[in-house]
Every structure is written in C-alpha cells, then in structure tokens.
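First up is the structure itself, then whatever we jot down about it.
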Amino acid sequence: MTATALSGQLPKYIGSTGGLLNSAETEEKYAITWTSSKAQAFELPTGGAAEMNEGENILYFARKEQCLALGTQLRTKFKPRIEDYKIYR
C-alpha cells in the first residue's frame with residue numbers, strides 16, 4: 001500500500017478536556033478528512049469543541065473509534081449533511 005499525502009486545514013481549536021497525548025506522536029494515529037460548504041462549530045469526540053473550515057478539513061485522533069464518532073456526527077448533525085469524509089491510518 002502506498003502512502004497518500006493528506007491535504008486540508010486543521011479546524012480552529014476552541015477548547016478541550018482531552019485529546020492526542022504527546023506519546024501519540026510516536027504511536028499509531030488516525031486521520032479523518034472531510035469537505036464542508038461552510039465554517040461551523042462541532043463537538044470533538046475527545047471532549048471540547050472546534051470550528052471546521054470552509055473547504056477541506058483534516059483532524060488527527062489516537063483511536064479509530066474517535067474518527068468513526070466524528071464521522072457519524074458529520075453525517076447526522078449538519079445541514080447540508082457531510083458525507084464525503086474519509087478515515088486514514
């Protein structure tokens with residue numbers, strides 16, 4: 001499998017009670033990418049909130065389940081629905 005260069009902007013961080021730990025930089029991590037038609041706030045699966053950018057977005061998590069939780073939120077809580085998300089390891 002070849003490595004794919006991911007593009008997109010990180011969402012604007014609003015605040016959190018947890019997330020990627022320093023040790024996660026050396027361990028396996030997961031990325032989720034999506035495209036939004038407008039900037040809007042969303043809840044992070046790790047706690048806290050962020051504001052997604054209009055256009056391409058990318059976010060890193062320590063666990064695959066966190067990416068899946070955000071993907072579910074993107075599909076169900078936003079109008080128009082965001083269904084073009086992808087998860088990478």
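Values quoted throughout were computed directly from the atomic coordinates according to the rules given, and no laboratory measurement underlies them. Model, not experiment: these values are computed from the prediction.
How large is the Kirkwood hydrodynamic radius of region 27-88, in angstrom, based on all distinct alpha carbon pairs? Could the numbers behind the result be given before it?
Details: mean 1/r = 0.0861 Å⁻¹.
Kirkwood hydrodynamic radius for region 27-88: 11.6 Å.
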Legend entry - Extension gain from Glu27 to Gln9, taking 0.36 nm per residue of separation minus the Cα-Cα distance: 4.3 nm
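Need the full-extension length gain, Ala39 to Asp84, defined as separation in residues times 0.36 nm minus the C-alpha distance. One decimal, nm.
Details: separation 45, 0.36 × 45 = 16.20 nm, distance 1.58 nm.
Net length gain for the segment: 14.6 nm.
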Legend entry - Partners for Lys38 among lysines (Cα-Cα distance below 26 Å; same-chain residues under 8 apart left out): Lys12, Lys64, Lys77, Lys79, Lys86
